[in-house]
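Structure provided below as structure tokens; questions to follow.
The values are calculated or read from the model by the stated rules, or taken from the named source; none is laboratory data. Since this is a predicted model, take the numbers as computed values, not measurements. Cβ placement follows ideal geometry from the backbone for every residue including glycine, while neighbour counts extend to all protein chains displayed.
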């Protein structure tokens, strides 16, 4: 009699490493118009979403990733009312934003089948966020939305998959796209971008996002968070039109968290400044990153 | 975008070998009262059944296993009318038997949930056999049935899983059990027993089945078939009350196949005698097998 | 403390199967001018040779492969005096041939580094055969030798790796090459060819060797042997200029084995005819094989 | 022809994850009196040492681990002259310490065979440190040394393997041992302890080391570093007799680094304080750790 499941899921990584997750149960497997969707119950991490074979978020620590993506930007802004999510299919980014007293959150994800699968099979992620009356869910290419909207946003959160050759995110990390994002930001507006692995070996994307945002915004800062289920440091980038990106004055952030009535498990005013202290070895990336352009987008190679 | 599935199924084998099958699709996974049932669509072998992690039969070559198990016994008997299957959950053994002009086939399998899962998810295996009016399906411990029935059978086919400590087949390979089987055989009756791997390293069970049947029947012969999806030679044992086990006279078997109107893909009168020629290296097993008794049953260790 | 080695060797097979051998000890790893050579001590099979990642022979059962390759041809010939081996790097084919009272055995292998590594690290394979005074070892392309020699041979044994694109065996399975082999055979001469997997899924090569030899020789027969460490049925092909290929009269072969004083562990007159009974499912290959030509050689794809 | 090596090394981890490293070359494998030693050249990480199957340090980022272990303690002490290393077999901890103007460094490692293998096969790690005239290498159980020495040390660095049942480190993390360490510290002395994974799932050891040191020292602080080749956050613990553990005043540490003439790649006064900011989710460990005693040592289960 078997003691543990004999099913394994293998994440394609690099030639030199092979990583297998033991699968307790298959929850959903399908292919949407845009990508392969696997929702699995893993022995090590619980319920976990993979898109095109790459881990997106896991029950055990999705709060770390999503809090790290959302709250630095939201807390830095003195009064975020209008927020836009680029991507964000699982609904957890939406959930975190709605902890703040916002007026409206637009979430624009190209993959309606993914959003439906997440709502149905991963309801713990949105935790009711899709039913919140402040939520505006739009199934569309986020690029279309950004180029066509006449709305203004205080905070934009880019929660997109890495730009794969055949994937839907290829033109959502380019200088041209960020210029357009800047136009739809309110005067104190800022954007937070999930920026992929911060491993010095694979972190060219992280540096490229920084360099590209630097072409458009004068104030750009990188920060890092360790995510267990990713087994690596994860990079994020904040870019601001006008606000200084600085978390040294903890008092401000204690007050904002208190006055907004926010409950968090990972982000707090103590840890915030430490996330922005990058190790010097990442300097080695500085000459590897490129400015990403529409005509020559960055393509992530599996 | 992934080119092939990232799911793998690992069959527990020996410490020194690890074998992984790429899984295209999960068809069914469950645990019955008796065993873990996995029905998977494998890239290499198509639809495949695993019980307690051990491969049972695969779409690509289940006909080889099932023809080899059923037809030597059925063709040797001049006129098999009443047949009994011990186990046989998938229904393919039943399917093969029904190719002969039998009157009644009793199939006694302890695991009703397994039989139902196979009927529902592997209908190509029985291919309608469960609906044949000659079929008598009984969900019960085959040992109970054999000890209690007052019927007589011309052929008994033992299509059981290997005897695992916690599995349902432990007392269905013992000398005491075979004595009882002999009692319910008609005068020309015989029994065919699937007898596990014929690998000299792991073939102690094959030899033990032979030695045990030899205690009960005077005419006992072993034969071998290679099954691709098992990746090894598979052993079978024939034991007869009275009939000589001899396939040298091909004419007899050509005639029986023709007169019974049987269509086969693997077994034919040419190959039959060759299956009974065992390589000499299996002699090394001769002092490893034991006579299997109720009080000390053979336990297969994974 | 680890109980067993944490090193594994993975044999590239098909996309759908992954096979890992636990490695007790690395004996030798190197790259000759022609191929990658790995000699490993495997927990399951003992000392084992891999060329370009493909298993060649293993301590546990190399005798099965080598006896099956050598003795059908050698026993069929009434008095083999001059023998030629194409390839045969390990030296075990040579060892088996020398059991017969031959006068001279030429072994022509292109890869002198391989032969040296085998002599040094796998001395159990040749077991002194390279020191036998009847042995003529030539390091050369077997094609050169066959096209240039003015000697005649009673038996030729083709013990070559499968023809890989970059490997050394590509032009040693072609019709043109076999025509030349036929010219250097004595009147009763014959050739035995190791012909790869006999799996119906991967057996196109086996059928192609048969079809190609059929273009050159009138008497061609295929036979099969199961090799544990290969985990599949293995195909061989015999082709003869004049001798009938028939093992039905066991008396002849009992006598030859006795009069030549040969000790074998696997091949004997009982099993010989059974090896030539091919299962009908291999007929499915009949329209897949091709006649292999110099200008369009068969290339085995990993 | 194979494109990349077919050898893999599997690190035993948890039931739910399986991690395989592709091995370019075996540099050394052996078993000392105390542990299994594997020195491998990995495709992903370069030269890498495993003890009893657990990764110890890798060419690609050993500087991160060793700088994080050594320099916080060494920089905090105003004038470290006498230093003791418990364990430290690879010699890289020694190398880092010798960057400071110390007078003597005692390194006490129980496993002389390991030290020799590292010196011979991993000379980049010590980089000449064993030949430094300030080095005193002693092959002995560090417990013996600590209980018997009459010397005093300014800094003790505990660079030991996790305490395995059969391993040599079992009694080197106990309260009784730390009491003895405290006795051999000079008045301003402190100890730095590598404390294993800081993963909330496996981090009970990290918390236990903290709780145990807290029984002995009044000033104890934990800190974290991400190590790529470990693929997780790694925990360290600092305990001090008298000195306050505080890195907020960066000026002090800029000055010490400059005046001591130290070149570092990872540790600097900017990152130092951020390492001591622990994420709140580690609070979940607080009730899992135990005070480790001689009579009930902590045993790490693979």
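Evaluate the following for residue A:85: is it in a strand (DSSP E or B), surrounded by 24 or more Cβ atoms within 10 Å (Cβ to Cβ), more than 9 Å from every other protein chain (Cβ to nearest Cβ) and touching a helix residue (DSSP H, G or I) at 6+ places or on another chain (Cβ under 7 Å)?
Considered against the rule, which asks whether it is in a strand (DSSP E or B), surrounded by 24 or more Cβ atoms within 10 Å (Cβ to Cβ), more than 9 Å from every other protein chain (Cβ to nearest Cβ) and touching a helix residue (DSSP H, G or I) at 6+ places or on another chain (Cβ under 7 Å), residue A:85 comes out as yes.
Does residue A:201 qualify as being out of contact with any strand residue (DSSP E or B) (no Cβ under 8 Å at 6 or more places or on another chain) and modelled with pLDDT under 95?
yes
Kindly provide the set of residues from segment C:100-117 that are under 18 Å from the mean Cα position of the chain (by Cα) and within 27 Å of residue C:75 (Cα to Cα), ordered by number.
C:100, C:105, C:106, C:107, C:108, C:109, C:115
Now for a separate question. Across segment C:273-290, what is the total count of residues that are more than 9 Å from chain B (Cβ to nearest Cβ) and surrounded by 15 or more Cβ atoms within 10 Å (Cβ to Cβ)?
Here the count works out to 3.
Within segment D:118-127, which residues are under 18 Å from the mean Cα position of the chain (by Cα), closer than 12 Å to residue D:47 by Cβ and part of a loop (DSSP other than H, G, I, E, B)?
Within segment D:118-127, D:122, D:124, D:125 qualify.
Which one is surrounded by the most Cβ atoms within 10 Å (Cβ to Cβ), of the residues in segment A:88-103 that are in contact with a helix residue (DSSP H, G or I) (Cβ under 8 Å, 6 or more places away or on another chain) and assigned to a loop (DSSP other than H, G, I, E, B)?
Per the criteria, the residue is A:89.
Also, quick follow-up: Here is a check on your reading of the model: is residue A:75 assigned to a helix (DSSP H, G or I) and in contact with a helix residue (DSSP H, G or I) (Cβ under 9 Å, 6 or more places away or on another chain)?
Against the criterion (assigned to a helix (DSSP H, G or I) and in contact with a helix residue (DSSP H, G or I) (Cβ under 9 Å, 6 or more places away or on another chain)), residue A:75 qualifies.
Another question, if that's okay. Against the conditions (1) more than 7 Å from every other protein chain (Cβ to nearest Cβ); (2) touching a residue at least 60 places away in the same chain (Cβ under 8 Å); (3) closer than 17 Å to residue D:87 by Cα, where does residue D:52 fall short? Just the number, please.
Unmet condition: (1).
Just checking, how many residues over segment D:1-49 are crowded, with 20+ Cβ neighbours inside 10 Å and more than 9 Å from every other protein chain (Cβ to nearest Cβ)?
Number satisfying all stated conditions: 6.
Of the residues B:63, B:106, only one is surrounded by fewer than 24 Cβ atoms within 10 Å (Cβ to Cβ), modelled with pLDDT of 95 or more and part of a strand (DSSP E or B); which?
B:106
Determine, yes or no, whether residue A:61 is under 23 Å from residue A:96 (Cα atoms) and either within 7 Å of another protein chain (Cβ to nearest Cβ) or within 23 Å of the chain's Cα centre (by Cα) (or both).
yes
Here is a further query. For the structure I just gave you, tell me whether residue D:243 is in contact with a strand residue (DSSP E or B) (Cβ under 8 Å, 6 or more places away or on another chain), in the same structural domain as residue D:161 (by TED's automatic domain parsing) and more than 30 Å from residue A:231 (Cβ to Cβ).
yes
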